[in-house]
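What follows is calculated from the coordinates using simple rules that are stated; it is not laboratory data. What you are looking at is a predicted structure, and each value in this text was computed from that prediction instead of being measured. Heads up, the Cβs are rebuilt from the backbone with ideal geometry, glycines too, and the neighbour counts pull from every protein chain shown.
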Amino acid sequence: MDSSDAPLVQIINGPNLNLLGVREPEIYGTETLGDIETACAERAEQLGLDIDFRQSNLEGDIVDWIQEARLSHDGIILNAAAYTHTSVAILDALKVAELPVIELHMSNPHRREAFRHTSYVSLAADGMICGLGSHGYLLALDAIARLIELRRQGSES
Ligand code: CA2
């Protein structure tokens, strides 16, 4: 596929994920966010997708980026990190975006503290991948590619 025709996927990473590979490797592994971005770029190319990979520690940035995606992207992969469990603002932005959304977590929040068992993001996500470490990012790309393709087929018929 010509890169200008390729669906564009926003991959958003929330607070503290810039520290991946630096702290808590027993939970989050040894890869840095830069390593993960490189792996995502490779998988995206295989899938015929373009990616826009971002990280912020600020809730408002994430809301702004989701609003931007509504107009210019074809799908969203979101690891909202701690905001997963707190942010109605991110949930509202996702609902307005009306795009395919995959919620992503490297750890399995359901094996962790009770406050991680609630996800506002899940209320707007088509699917969720968790507990598979950085491999989850590649699985999320596979999943969003399929959702975007299904949506395209639906809009053509
Ligand atoms: O498992 C995930 O991907 C999480 O979204 C990660 C969040 C956590 O609040 C969610 O419950 C599950 C935390 C991200 C913090 O990232 C760090 C990375 C390296 C060292 C310390 C924190």
Name the long-range amide H neighbours of G127: under 5 Å, sequence gap of 5 or more, or other chain; modelled H, no Pro or chain starts.
-> V101, E103
Grab the other residues whose beta carbon is less than 15 angstrom from that of T30, score K and R as +1, D and E as -1, and report the net.
-> -3
How high is the relative contact order of segment 3-156, in percent, with contacts defined as C-alpha pairs under 8 Å that are six or more residues apart?
-> 26 percent
Cβ-based exposure ranking for S119, S72, S157, S107, in which fewest neighbours within 10 Å come first = S157, S72, S107, S119
Contour excess over end-to-end distance, with Cα ends at E24 and Q67 and 0.36 nm allotted per residue = 12.3 nm
